[in-house]
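Everything on this sheet refers to the single structure shown next.
The values are calculated or read from the model by the stated rules, or taken from the named source; none is laboratory data. Every value quoted in this text rests on a predicted model; they were computed, and no experiment measured them. Cβ atoms come from the backbone with ideal geometry, glycine included; neighbour counts cover every protein chain shown. SASA here: full protein model, heavy atoms, side chains in, ligands and nucleic acids out. Shrake-Rupley method; radii C 1.70, N 1.55, O 1.52, S 1.80 Å.
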Amino acid sequence: MNYEPGTIGNDGRYALPDSDARAPRRGLWIAVAVVVIVIAALLGFWVFGKKTADAPADAKAAAKQIPSVTVAVPGRQLVDRTISATGSIAAKVDMPVGVAGEGGRVTAVLVQPGQWVRSGQVLATIDRSVQVETQASQAAQIAVAQSDARLAQAELDRAKQLVDRGFISKADVDRRTATRDAALARVKVAQAQLDEIRARNGRLLIRAPAAGLVLTRSVEPGQIVSAGSGVLFRLAAGGELELRAALSDADMAQIRVGIPVTVTPVGDTRTFAGHVWQVAPVIDPQTRQGTVRIALPFDPALRPGGFAAATLTSGVSQSPLLPQSAVQTDGKGNFVYIINAKREVVQRPVKIGQVSDAGVAITEGLAGNEQVVVSAGAFLSPGQKVVPVRQKRAS
């Protein structure tokens with residue numbers, strides 16, 4: 001037990017504490033305790049009351065932090081199914097022209113590259129002074145043979161008159177007939193030889209085998225040429241050109257003769273309309289490519305040997321069409337972001353087809369009824385909450 005200390009009186013005895021002295025001290029402690037409780041209650045009310053009041057404001061701020069993204073439902077549209085290719089321009093029918101005869105020294109070259117020529121037109125001439133003399137000699141031989149034939153015919157006519165009178169025998173007439181026939185045969189041989197010489201001399205003129213455009217010339221006056229000299233001129237028959245484009249075996253399966261093609265030469269902004277006129281029947285086993293030959297009309301901007309790009313329209317298909325900003329690319333390929341029912345971002349792999357000014361055709365990955373993010377896709381991540389905003393269609 002605890003005892004409060006007393007006091008010693010005048011008579012030497014202990015005296016107990018006075019209860020009236022303890023009362024003011026106890027009241028003071030009670031007052032202090034009440035003040036502390038009131039202050040604690042006020043502090044608690046202020047703290048918890050503020051949190052309760054701020055909760056709606058925090059919720060509103062969190063809602064404001066969810067980004068808004070523009071989405072579109074692409075549907076399915078008719079899109080031209082096109083194939084892009086590159087290749088070289090060449091003559092549709094390339095005609096090499098060389099020496100057809102025995103050759104000789106070139107005396108004149110009469111055409112230049114870029115000129116149009118007619119069929120049979122002389123492109124170059126070769127010296128034929130010796131051949132001309134040979135031709136004249138053979139013509140003289142014909143004259144000699146013809147004279148012998150006339151003489152033999154005259155002798156035969158006289159012999160026929162004399163045999164009736166009995167001056168010569170029938171055998172003499174037969175000999176003169178044979179002599180006449182031999183003379184006529186020599187005339188024909190001489191004439192054939194002259195025709196041969198004339199034909200050879202004619203082949204000394206280098207002529208165009210058909211009408212067309214002169215592409216190259218590799219001969220000069222004074223040059224000695226022969227049958228082994230190679231190509232002296234190259235002509236494009238009719239001036240018709242073509243683009244020889246290489247396509248993969250998968251693309252070759254979609255190409256048919258007659259489909260339209262748009263060709264753009266390198267370094268030129270103009271396009272030229274053509275069509276497929278031949279599809280290679282084989283695929284190169286090394287490159288896995290085939291050749292498509294595209295007919296083109298003549299134009300000075302289309303130069304054989306030049307490089308050009310081609311767009312082949314192989315039909316139409318129904319596909320979702322998206323703006324280019326909607327299609328993203330990573331290490332695995334192309335993809336788009338779509339918004340699911342929970343307003344979450346979902347990454348969807350896709351395969352793209354034709355890319356044009358109208359947009360990008362999606363061949364695989366989309367049905368067309370999805371909400372596709374058309375912009376700001378680079379700033380999103382899968383699973384992120386967003387507020388989709390429907391894109392307004394252009395009127």
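Here are a few things to note about the model shown:
- Estimated vicinal HN-Hα couplings, Hz - segment 101-108 in sequence order (Karplus 6.51, -1.76, 1.60; Gly, Pro = x): x, 7, x, x, 8, 6, 9, 7
- 13 Å beta-carbon shell around residue 115, net charge (K/R +1, D/E -1): +3
- Peptides 143-149, 319-325 ranked from most to least packed give 319-325, 143-149, packing being the mean of other C-beta atoms within 10 angstrom over each peptide's residues.
- Residue-level accessible surface for residue 342, protein heavy atoms, 1.4 Å, Å²: 140
- Hydrodynamic analysis of segment 176-215 uses the Kirkwood radius over alpha carbon pairs. Inserted into Stokes-Einstein at 10 °C and 1.306 mPa s, it gives a translational diffusion coefficient of 121 µm²/s.
- Hydrodynamic analysis of segment 291-375 uses the Kirkwood radius over alpha carbon pairs. Inserted into Stokes-Einstein at 20 °C and 1.002 mPa s, it gives a translational diffusion coefficient of 137 µm²/s.
- In Hz, Karplus ³J(HN,Hα) per residue of segment 213-229 (6.51, -1.76, 1.60; θ = phi - 60°; x = Gly, Pro): 10, 6, 9, 9, 9, 10, 9, 10, x, x, 6, 8, 10, 8, 5, x, 7
- Solvent exposure ordering (accessible area, 1.4 Å, most first) of 298, 307, 272, 233: 307, 298, 272, 233
- Efficiency of FRET between residue 231 and residue 253 - r from beta-carbon atoms, R0 35 angstrom, step 0.05: 0.40
- Cα Rg, Dmax (largest Cα-Cα span) when computed across segment 101-242, Å: 25.0, 83
- Count Lys and Arg as plus one, Asp and Glu as minus one, and take only other residues whose Cβ is under 12 Å from that of residue 155; the net charge is then +3.
- Proximal charge balance of residue 135 [Cβ under 11 Å; K/R count +1, D/E count -1]: 0
- Percent accessible area from carbon and sulfur atoms, segment 115-192, protein chains only, probe 1.4 Å: 54
- Efficiency of FRET between residue 127 and residue 218 - r from beta-carbon atoms, R0 30 angstrom, step 0.05: 0.95
- Across the alpha-carbon set of segment 325-385, the Rg to Rh ratio works out to 0.95, Rh being the Kirkwood radius.
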